[in-house]
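Asker: The structure is given below, and queries will be raised subsequently.
Just so you know, all these numbers are worked out from the coordinates, no wet-lab data involved. Owing to the predicted nature of the structure, the values given are computational and were not obtained by experimental measurement. We place every Cβ from the backbone using ideal geometry, glycine too, and count neighbours over all the protein chains shown.
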Amino acid sequence: MNPARFDLVTLSLFVHVAREGSISGGARASHLAVGAASRRITDLEAALGTQLLYRRASGVELTEAGQACLAHAQRVLHEVGQMAGSLSEYAHGLRGQVRIAANTSSLTQFLPEDLAVFMQDQPGVRIDLEEQNSAEVVQALRYNRADVGIFAERTPCSDLETFPYRLDELVLVAHPTHPLASHSSLAFIDTVDHDYVGLPPATSLAMRLQEESARLDRSIRLRIQVRSFDAICRMVAATRTIGILPRRAAAPHARSMKLRLIGLQDEWARRWLLLGVRDSRALTTPARLVLAHLRACSGKTGERETFGTPDERAS
C-alpha cells in the first residue's frame, strides 16, 4: 500500500461521495466528470486492498472499511485545512505578539523610531509595549511578563541574556541664569553642592546619581522628586534647580523652555541601554525578529565603535 497514491483530491471526492450517497453527486460537488470520479474511487479501493462502497442502482453505501476510511479522510482534510489557514498568515507577513518592557530613556529617545521600522516591515506582529523603570523591566523578564526588555546597564541582571542596544548620554539641565549655565561641560563633583530635582529612588538614573555621589563621599542635594523627564525640565525652569537627564530626551524640552544642556565629563555619564531576554533560544519567531532588529539598530549609529560595548568598557 503506497500512501503517495492517496492524493487530497481523491480523499475529498470520497468524502463528497459519502455525503451525497452517490458517485455522480460526489463528482458534482468535486467538480469532476463522473467517469473520472468513478476511476478515482476504484483506484483508492485498489490501493487500500478493500471495498469501500456498496454500489447499488439507487446510489452507494459505505462498507465498514468505507466508514473507517471516511473518518481518516475527514481528519486528514481537516488537518490540511488547518495547516493552510495557519501558513497563509505567513504569505502576508509573520503574525504574532511580542511583549516589550522598556525604561523611560529608551522610550523617549530611540525605541519609537526603531519599532516603527519593524512594524512597517512586519505589520502582522503586534507589539505590546509597557514603560517601566529598569529594575521593573528586569523583573518583568524574570517572571515572564515580557519577552524583550530594555534597561540601563548596571541594573542587576546576571540571570538574563543581554545585548547592547543604544548609548545614553547624560547631561546637566540648567536654567540660563543658573551659576553653572555658562559652562560647556562639567564634572559631576562640581554640581553636587547645588539643588537638584530628580526622579524617584527606584529608577536607574536616580540610583546612578546616588552611587556616584556616594563614591565621591558627597551627598546630592535633592530638593524635589518628580516622575517624568518633562516634569524635571519644568521644575528646573521654574525653581532654578538643576537636573541630569539623557541628552536626546531632554533636548526638545530644553528648546521649548530655553534651558541649557551641559555635558558631563564623567565616564559613567555615557551608559549603555541593554536589551535583555530570559533565553534567546526559547523566544517565539516574532520575538526573535524583534530582538534581532533592535540589536541591528545599535550598530547603525557607530556607537559600538565610538564607545565600545559595556563589557569592552569594563575591561
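Asker: Could you size up the charge dipole of the chain around its Cα centre, putting +1 on the beta carbon of Lys and Arg and -1 on that of Asp and Glu, and report it in debye to the nearest 20? Please report the intermediate quantities before stating the final value.
Answerer: On the way: 37 positive and 35 negative charges, 120 e Å.
For the chain, the charge dipole is close to 580 debye.
Asker: Oh, and also: Before rounding to the nearest 500, sum -39500 (n - 2.57) across all DSSP H runs of length at least 4 in the chain and divide by the residue total; then give [θ] at 222 nm in deg cm²/dmol. Can you show the working numbers first?
Answerer: Details: 13 runs with 150 residues, N = 315.
That calculation yields -14500 deg cm²/dmol at 222 nm.
Asker: Just to be sure I understand, if you calculate Rg/Rh (Cα atoms, Kirkwood Rh) for this structure, which of [x] 1.34; [y] 0.98; [z] 1.04 do you get?
Answerer: The value matching this structure is [x].
Asker: Then there is this: Given points 7 Å out from each Cα along the Cα-Cβ axis, report the T63 to R39 separation in nanometres with one decimal.
Answerer: Here the answer is 2.2 nm between the modelled labels.
Asker: Once the dipole of the range 96-314 is set up with Lys and Arg at +1 and Asp and Glu at -1 on Cβ about the Cα centre, which of A116, A287, A140 lies farthest towards its positive end?
Answerer: A116
Asker: OK, next. Residue by residue through the range 166-180, what is 3J(HN,Hα) from phi via Karplus (6.51 cos²θ - 1.76 cosθ + 1.60, θ = phi - 60°)? Round to whole Hz and write x for glycine and proline.
Answerer: Going residue by residue, I get 9, 8, 10, 8, 8, 9, 7, 10, 9, 6, x, 8, 5, x, 8 Hz, with x marking Gly and Pro.
Asker: Let me ask something else. Cα gyration tensor of the range 204-293, axes a ≥ b ≥ c as square roots of the eigenvalues: rounded (a/c below 1.5), prolate (a/b > b/c) or oblate? Can you show the working numbers first?
Answerer: Details: a/c = 2.63, a/b = 1.71, b/c = 1.54.
Here the range 204-293 falls in the prolate category.
Asker: What is the list of residues in the range 244-272 whose amide nitrogen lies under 13 Å from a point 7 angstrom out from the Cα of I224, following Cα to Cβ?
Answerer: Answer for this model: 244.
Asker: Report the net charge of residues surrounding E212, where surrounding means a beta-carbon distance below 12 angstrom and charges are Lys +1, Arg +1, Asp -1, Glu -1. Display every interim value, and only then the final one.
Answerer: On the way: positive: R154, R208, R215, R218, R271; negative: E211, D217, D266, E267.
Combined, the nearby Lys, Arg, Asp and Glu give +1.
Asker: Please report how far the C-alpha centroid of the range 280-295 lies from that of the range 46-79, rounded to the nearest whole angstrom.
Answerer: Centre-to-centre (Cα) distance: 47 Å.
Asker: With +1 on the Cβ of every Lys and Arg and -1 on the Cβ of every Asp and Glu, and nothing else charged, how large is the dipole of the range 3-91 about its Cα centre, in debye rounded to the nearest 20? The partial results should precede the final answer.
Answerer: Details: 8 positive and 8 negative charges, 55 e Å.
Result for the range 3-91 is approximately 260 debye, rounded to the nearest 20.
Asker: Something else: Just to be sure I understand: of the beta bridges DSSP finds with both ends in the chain, what percent are antiparallel, rounded to 5? Can you show the working numbers first?
Answerer: Numbers: 24 of 41 bridges.
Taking every DSSP beta bridge with both residues in the chain, the antiparallel ones total about 60 percent.
Asker: Please list, in order, the residues from the range 112-142 whose amide nitrogen is less than 15 Å from a point placed 7 Å along the Cα→Cβ vector of R248.
Answerer: Counting backbone N atoms under 15 Å from the label point, the list is 112-118.
Asker: Pick out, from L44, A73, L8, the residue whose Cα sits farthest towards the positive end of the charge dipole of the range 3-91, with +1 on the Cβ of Lys and Arg and -1 on the Cβ of Asp and Glu.
Answerer: Highest projection toward the positive end goes to L44.
Asker: Right, here's the next one. For Y143 and L216, compute 0.36 nm times the residue count separating them, minus their Cα-Cα distance, and round to one decimal in nm.
Answerer: Numbers: separation 73, 0.36 × 73 = 26.28 nm, distance 3.58 nm.
Extra length available between Y143 and L216 comes to 22.7 nm.
Asker: Once you place label points 7 Å from the Cα toward the Cβ at Q97 and E267, how far apart are they in nm?
Answerer: 4.4
Asker: Which of rounded, prolate, oblate describes the range 3-91, given a ≥ b ≥ c as roots of the alpha-carbon gyration tensor eigenvalues and a/c under 1.5 marking rounded, otherwise prolate only if a/b is larger than b/c?
Answerer: On the way: a/c = 2.05, a/b = 1.68, b/c = 1.22.
It comes out prolate by the Cα gyration axes.
Asker: May I ask you to derive the FRET efficiency for A47 and V76 from their Cβ-Cβ distance with R0 = 22 Å, giving the value to the nearest 0.05?
Answerer: Details: r = 14 Å, r/R0 = 0.65.
With R0 = 22 Å, the Cβ-Cβ based efficiency is 0.95.
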